[in-house]
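Here the structure comes first, spelled out in structure tokens, and everything after it is commentary.
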């Protein structure tokens, strides 16, 4: 988990992800956004979404970016990546980044350091 200030520059964030975390630079960014309201997807549509998202991410070297919650369309992205990671035919890693606001993090008080407060990278 990485906690960032709202004024952290994109250059610093990119450098952190590629140089410190050793993620390969993306050829494509896939941003999956939408409401956090849960909805039902018929199984064949869900399977098509999962397979399509993973195939695009695999073949392009994309990073998938979501709102970082387990609700709505973001939940389906998480399930697709989880299923891919658990499959025995896994070929290559899929980079998925969830960008969640501080207010929705469960048990966020546990992430606050008693001496320095919330440590931010900026």
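Taking only the stretch 15-38 into account, find how many residues are closer than 15 Å to residue 67 by Cβ and more than 15 Å from the chain's Cα centre (by Cα).
Applying the first criterion (closer than 15 Å to residue 67 by Cβ) to the stretch 15-38 yields 29-38.
Those still in the list that are more than 15 Å from the chain's Cα centre (by Cα) too: 35, 37-38.
Going through the stretch 15-38 one residue at a time, the tally reaches 3.
When the criteria are applied in full, residue 42 meets the requirement of being out of contact with any strand residue (DSSP E or B) (no Cβ under 7 Å at 6 or more places or on another chain) and without any contact (Cβ under 8 Å) to a residue 24 or more places away in the chain.
Evaluate the stretch 17-28: report whether one residue or more is over 25 Å from residue 107 (Cβ atoms) and touching a strand residue (DSSP E or B) at 6+ places or on another chain (Cβ under 6 Å). Among the residues of the stretch 17-28, at least one is over 25 Å from residue 107 (Cβ atoms) and touching a strand residue (DSSP E or B) at 6+ places or on another chain (Cβ under 6 Å), which makes the answer yes. Filtering the stretch 39-69 to residues that are in contact with a helix residue (DSSP H, G or I) (Cβ under 6 Å, 6 or more places away or on another chain) and either closer than 25 Å to residue 105 by Cα or surrounded by fewer than 12 Cβ atoms within 10 Å (Cβ to Cβ) (or both) leaves 64, 66, 67.
No lab work stands behind these numbers, since they all come straight from the coordinates. Remember, predicted model here, so these are calculated numbers, not experimental data. Neighbour counts are summed over all protein chains in view; Cβ atoms, including those assigned to glycine, are modelled from backbone coordinates with ideal geometry.
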